[in-house]
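Since the structure comes first, as structure tokens, the remarks are kept for the end.
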Amino acid sequence: MLNKAQLDTITNSKLFRGISPSEKEAFLQTAELNIRRYKKNERVINEGDETDEVFVLLSGRVTGERNTSDGRAVTVNEMAAGDVFGDLISGASEKSPVDVTAREISELLSFKIESILRPDERLGAARSRLVRNLILVISDKYFALNRRVRILESNSLRERISLYMLAGYKKEEGVAFMLSHSREEQARYLACDRSALSRELSRMKAEGIIDYNKKEFTILDLNRLKRCAAGGQN
């Protein structure tokens, strides 16, 4: 049984956008739902696992990571409350390409993807809306992956940092913003060593491009940051 906070999270999820309360209730009654609670750093899905389930994050934070040949963990994506994952591999014959891990205490709602895809008269028009929303969720991930690849294919660490900072700037719509990642998580996201990241951030601070205090960042020179993101060093 879902509580009010969990129901509110589901309602705000992209997967249930445009679904009326009665249609949502019909889906929740027909689907085989599971609610699981994970401890901090507990594994949700291992690389190489197969699953036929779709997951909705009810609370907490979850990341998908791949390990490089030299043993470094690189963050591929991360999910917050309301985000959906498992939709790609549950509908394919492929195994998970990443380790999915809870980065804090997290609750997940899961159900078989067939709950959406199979015809069911009890769902009525809600089924077509759920399928449409599922396609939109997958499309959003395609464009997010393109942005992620843009960061990873950058020629320099400064370029990757600048793209990362600009993403935070656009998300928060201001030159001062908070990042959810710790410095170690930032290094994993940017596919670099933590000490190298700290050195480059210090250089950018000394040059008057950015300022920061732990997770709080301020862009001091937006034009220079944009030039760095475009591949320039100044």
Between residues in the range 1-25 that are over 17 Å from Ala125 (Cα atoms) and residues that are among the aromatic types (Phe, Trp, Tyr) and surrounded by 15 or more Cβ atoms within 10 Å (Cβ to Cβ), which pairs lie under 8 Å by C-beta distance while being six or more apart or on different chains? Ile10/Phe16
Out of Asn223, Asn133, which single residue is more than 30 Å from Gly91 (Cβ to Cβ) and either in the same structural domain as Val76 (by TED's automatic domain parsing) or loosely packed, with under 15 Cβ neighbours inside 10 Å (or both)? Asn223
Can you confirm whether Phe55 is surrounded by 19 or more Cβ atoms within 10 Å (Cβ to Cβ) and touching a Phe, Trp or Tyr at 6+ places or on another chain (Cβ under 6 Å)? yes
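Results for (1) within 14 Å of the chain's Cα centre (by Cα); (2) polar (S, T, N, Q); (3) crowded, with 18+ Cβ neighbours inside 10 Å, shown as yes or no for each residue.
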position: Glu65; (1), (2), (3): yes, no, yes
position: Thr68; (1), (2), (3): no, yes, no
position: Gly71; (1), (2), (3): no, no, no
position: Asn77; (1), (2), (3): yes, yes, no
position: Ser90; (1), (2), (3): no, yes, yes
position: Glu94; (1), (2), (3): no, no, no
position: Thr101; (1), (2), (3): yes, yes, yes
position: Ser110; (1), (2), (3): no, yes, yes
For the range 4-29, how many residues meet the condition of being under 15 Å from Val54 (Cα atoms) and over 18 Å from the mean Cα position of the chain (by Cα)? 2
Can you tell me which residue among Glu32, Glu50 is farther than 20 Å from Ile138 by Cβ and touching a residue at least 24 places away in the same chain (Cβ under 8 Å)? Glu32
If I filter the range 179-187 for residues that are in contact (Cβ under 8 Å) with a residue 60 or more places away in the chain, closer than 27 Å to Glu104 by Cα and in contact with a His (Cβ under 8 Å, 6 or more places away or on another chain), do I get at least one hit? no
Of Val74, Val44, Val56, which residue is assigned to a strand (DSSP E or B) and more than 25 Å from Leu136 (Cβ to Cβ)? Val74
Please tell me if Met178 is over 17 Å from Val74 (Cβ atoms) and surrounded by 19 or more Cβ atoms within 10 Å (Cβ to Cβ). no
Residues Ala176, Ala167, Ala144, Ala126: which one is in contact with a helix residue (DSSP H, G or I) (Cβ under 6 Å, 6 or more places away or on another chain) and of a type in the set (Gly, Ala, Ser)? Ala126
Tally up the residues in the range 77-91 that are in a strand (DSSP E or B) and under 23 Å from Ala31 (Cβ atoms), please. 4
Which numbered condition Ser139 fails, given (1) closer than 22 Å to Gly60 by Cβ; (2) of a type in the set (Ser, Thr, Tyr); (3) not assigned by TED's automatic domain parsing to the domain that holds Tyr212: (1)
Among the helices (runs of 4 or more DSSP H) confined wholly to the range 92-209, which include 1 or more residues that are at pLDDT below 90 and not aromatic (Phe, Trp, Tyr)? 114-117, 126-152, 157-172, 183-189
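The values are calculated or read from the model by the stated rules, or taken from the named source; none is laboratory data. Just so it is clear, the structure is predicted and the values come from calculations on it, not from any experiment. Because the Cβ atoms are built from the backbone with ideal geometry, glycine has one as well, and the counts that use them run over all protein chains shown.
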